[in-house]
Structure formats: C-alpha cells, structure tokens
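J.: First the structure, then my questions, so here it is.
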Amino acid sequence: MSSFSALWTQFFPPRNGAPLTESNLPSQAGRVFIVTGGSSGLGFELTRILYHAGGKVYVLTRSKEHAEDAFTRIQSSQSKRRENAPEQDATNTQGSLEFIHMDLTDFTTIKTAACEFLEREGPDGRLDVLFNNAGTGAVKDAPPTRQGLEYHFAVNSLGPYLLTQLLIPILSSTVRKSPQDSVRVVWPASCLVDLGSPKTGIRKEFLQNTESVKDQNELYSTSKTATWFVASEFARRQANTGIVQIAGNPGNYITNIWRSTSRLLYYVLWPILRDPVHGAETYLWMGFSQSVTMDDAVAGRYAICDGRWHPGQREDLLLALRSVEEGGSGRAAEYFDWCAEKVRDFLQ
Ligand SMILES: NC(=O)c1ccc[n+]([C@@H]2O[C@H](COP(=O)([O-])OP(=O)(O)OC[C@H]3O[C@@H](n4cnc5c(N)ncnc54)[C@H](OP(=O)(O)O)[C@@H]3O)[C@@H](O)[C@H]2O)c1
C-alpha cells in the first residue's frame, strides 16, 4: 500500500508549491500543443495558460459549442503574465486556438482528428506536447462505445493511446528540431490509482473479458492506472524516439468531471476540491519542467500535484511496470499489447 503520507500529500499539497505557474512559464511562442478536452476544467485552464504564453493550441474535443465558448472566454481573459512581466517582454504575445472535433467514444473520429491536425500543420509542422487530458469520471452502467469497447477504458486510456500512436511520427520529427527531453506526452491519472485499483493495477480477467468488471469506480480507477502503464511502456519501448511520456495525478478539483458521480459523494469531497488552475500547473510541470527527463519516463516515475514525484507508490503497481524476467508481474506490458490489439484497425 501507498503510505498514508503519500496519500495525504495528494489531497493536501503544500500551499503555493507549484514550481511552474502561468506567471513564470517561459514563452511558448513558436511551439505547438494539443490539449484534448481543452474546453472544460483542467484542460480549459491549461489551454488558457498556453495561449497567453504564445503557444499554438489545438483543442481536440467532442463539442464544438463548448470549445467555441471556451475560446471566447480565453481570448477575453486577462493574462496574469502581464502583471508579472515587464512591458517590453516579448513573451507577452498571445498564441492561437484551433478546434478539431474528436469523440473518444468513436475511434473513427480519433483517426480523422489526427489526420486533420497533420494536414493543418503541414509538412513542416510540429507537435511539442500532447496533453491527453480529456477523460470521463465513473459512470454507472455506461454503455459500450461505438466500437463495442468498455466506456471508461475507451475514453481514458484506449482512445488516448490510439491518438498518441497516430501522432508519434510528428512528435518524433519535432524531437529532431527541439532541445533534448522537451517533446512530451502528458497522461492524467488519479489518486484512485493508489486508492482504488486492484492488485497489479488491472485484473488479468478484465483483459480476457472486459465484462467481468461491472463496478464503475473500479473501472474508473483502473482506467487511470492504465494511463500510467501506457506512458511507462511507451517510454521504455520508444526511448529511441526521444519523446518523454509522463503520467501522474493532477490533484482533486471542482470541475464537470463530477457530473456523473453521486451528489452525496461530491458534497462529501467538496471541502478538499481545489481550483482547477492547480491541475493545469501540475500539467505544466509534467510538460515543461527541466527536472522531468527521459530517464524518469523510462523508469516509470509518477508525478503528483502540483509538480512533484510520488514519494512511494504501491509495491504491486511498481512490480506491474517490470517484466516477469525483471521480477515483476509484467501487467503494464501486457496491457500495452492489449491496447495495440484493440486499436489495430485504426492504425493502418
Ligand atoms: N477534476 C478532478 O478532480 C480530477 C482528478 C484526477 C484526475 N482528473 C483527470 O483530469 C482530466 C480532466 O478532467 P476535468 O476534471 O477537467 O474534467 P471536465 O471538466 O469534465 O473536462 C473533461 C474534458 O474532456 C472532454 N471529454 C469528455 N469525454 C470526452 C469524449 N468522449 N471525447 C472527447 N472529449 C471528451 C470534455 O468535453 P465536454 O466539454 O463535451 O464535456 C471536457 O472538455 C480527466 O482525464 C480526469 O480524469 C481530474
């Protein structure tokens, strides 16, 4: 088990402890980002910060209406950079915002969205950081997706896995024209990785038959553990590409993620939920901090709010990251291969 202190610090992180914030993020002018689900919650705050830092931000999400509303709010918002940067600071240039439709419950739209992105960027295009932010909370009796897949896994893990695979070529070509370890993929997990996932993170029976698990809270927790397994496996298997893939718990926030959860649970948790800007600050650390390196990614290190490493994950989860030959359970590798099989038709 994770220690009590490891959990406590994820619910009550040090005040003003974020190493990277809107105020001190270096200029992102000339860099290109994808924020999935950038119309709400953590993704909205992240998109707003990147826009004011001069980045070109593509928001891939399911609702054009929500994205357009978010863009209007972002474009009319005041940058906190101006309050802190001198008048002549060239970093005060705004970036740009682009919407591309993508619904993670339908893999055909993921492929179309990736193609649309590549077309808009053109042959000399780039992708500096892919933030696989979009996700669902626990949904009771969620229906299977268009491709007949389990809902939580499709939205939180398989869909983002497919999107990432489709974008590996442009991420790799961006690595060749960028500083070392600066091209990244960021994966949000949850405190429920520590608290709610079964032994070894994902049950073997689930991979054999996804209908063997019915409880929506386990499905949510496990689909989040899956993001960590995927990030770690990508980093280990594709270290030669130079793409740093990092997963971690962004923290606990007041956002729309709770709309599918029981009102009672929401009100019980409400006192400890924070402003989602701190979740975006966690993403900034995972996406931009120079203290996050390829060695960390290959080692499967796991970030926590508001920009720190987890002080000590559960032993069974750490063993899942290691192969049987290395003394582990090999569950992360097994899951990665399972994902490859599930999305195979969309990678051709
Ligand atoms: N809030 C927390 O306490 C917390 C804690 C741990 C982890 N996280 C993780 O942080 C990430 C962001 O969550 P949030 O709290 O900011 O939630 P949110 O406010 O509900 O935002 C989620 C975003 O994802 C989009 N989205 C949802 N389902 C989608 C689908 N099928 N296809 C495409 N886009 C979809 C939503 O689009 P719509 O606008 O159309 O709904 C929205 O833009 C999630 O991965 C979540 O699991 C959140």
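J.: Report the residue count in region 59-83 for those that are within 15 Å of the ligand (Cβ to nearest atom) and either among the aliphatic types (A, V, I, L, M) or surrounded by fewer than 24 Cβ atoms within 10 Å (Cβ to Cβ) (or both).
T.: Count: 15.
Residues are listed down the side, and each one gets a yes or a no for (1) small (Gly, Ala, Ser); (2) in contact with a Leu (Cβ under 6 Å, 6 or more places away or on another chain); (3) over 22 Å from residue 220 (Cα atoms); (4) within 16 Å of the ligand (Cβ to nearest atom):
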position	(1), (2), (3), (4)
266	no, no, no, yes
276	no, yes, no, yes
280	yes, yes, no, yes
294	no, no, yes, no
302	no, no, no, yes
310	no, no, no, yes
315	no, no, no, no
322	no, no, yes, no
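J.: Among the numbered criteria (1) surrounded by fewer than 19 Cβ atoms within 10 Å (Cβ to Cβ); (2) in a helix (DSSP H, G or I); (3) out of contact with any Lys or Arg (no Cβ under 8 Å at 6 or more places or on another chain), which one does residue 324 miss?
T.: Of everything listed in (1) surrounded by fewer than 19 Cβ atoms within 10 Å (Cβ to Cβ); (2) in a helix (DSSP H, G or I); (3) out of contact with any Lys or Arg (no Cβ under 8 Å at 6 or more places or on another chain), residue 324 misses just condition (2).
J.: Within region 236-249, does at least one residue satisfy the condition of being assigned to a helix (DSSP H, G or I) and of a type in the set (Ser, Thr, Tyr)?
T.: Looking for residues that are assigned to a helix (DSSP H, G or I) and of a type in the set (Ser, Thr, Tyr), one finds at least one in region 236-249, hence yes.
J.: Mind listing whichever residues of region 168-195 are in contact with a strand residue (DSSP E or B) (Cβ under 6 Å, 6 or more places away or on another chain) and within 14 Å of residue 128 (Cβ to Cβ)?
T.: 181, 184, 185, 186
J.: Now, a different point. If the requirement is being part of a loop (DSSP other than H, G, I, E, B) and not β-branched (Val, Ile, Thr), which of these qualifies: 181, 69?
T.: Result of the check over 181, 69: 181.
J.: Confirm whether residue 176 is over 28 Å from residue 313 (Cα atoms), within 13 Å of the ligand (Cβ to nearest atom) and modelled with pLDDT of 95 or more.
T.: no
J.: Mind checking whether some residue in region 151-160 is assigned to a helix (DSSP H, G or I) and either away from the ligand (no atom under 11 Å from the Cβ) or free of Cβ contacts under 8 Å to residues at least 12 places away in the same chain (or both)?
T.: Looking for residues that are assigned to a helix (DSSP H, G or I) and either away from the ligand (no atom under 11 Å from the Cβ) or free of Cβ contacts under 8 Å to residues at least 12 places away in the same chain (or both), one finds at least one in region 151-160, hence yes.
J.: Any residue that is surrounded by fewer than 24 Cβ atoms within 10 Å (Cβ to Cβ) and more than 29 Å from residue 184 (Cβ to Cβ) - is there at least one of those in region 218-235?
T.: yes
J.: With respect to residue 220, determine if the residue is within 12 Å of the ligand (Cβ to nearest atom), modelled with pLDDT under 95 and over 25 Å from residue 48 (Cα atoms).
T.: It is false that residue 220 is within 12 Å of the ligand (Cβ to nearest atom), modelled with pLDDT under 95 and over 25 Å from residue 48 (Cα atoms).
J.: Report those helices (runs of 4 or more DSSP H) wholly inside region 254-317 carrying at least 1 residues which are surrounded by 23 or more Cβ atoms within 10 Å (Cβ to Cβ) and touching a strand residue (DSSP E or B) at 6+ places or on another chain (Cβ under 6 Å).
T.: Of the helices (runs of 4 or more DSSP H) lying wholly inside region 254-317, those with at least 1 residues that are surrounded by 23 or more Cβ atoms within 10 Å (Cβ to Cβ) and touching a strand residue (DSSP E or B) at 6+ places or on another chain (Cβ under 6 Å) span 277-288, 294-298.
J.: Taking the condition of being more than 19 Å from residue 160 (Cα to Cα) and away from the ligand (no atom under 16 Å from the Cβ), how many residues in region 186-205 meet it?
T.: So the count comes out to 6.
The values are calculated or read from the model by the stated rules, or taken from the named source; none is laboratory data. This is a predicted model, so every value here is computed, not measured. Neighbour counts run over all protein chains shown; Cβ positions are idealised from the backbone, glycine included.
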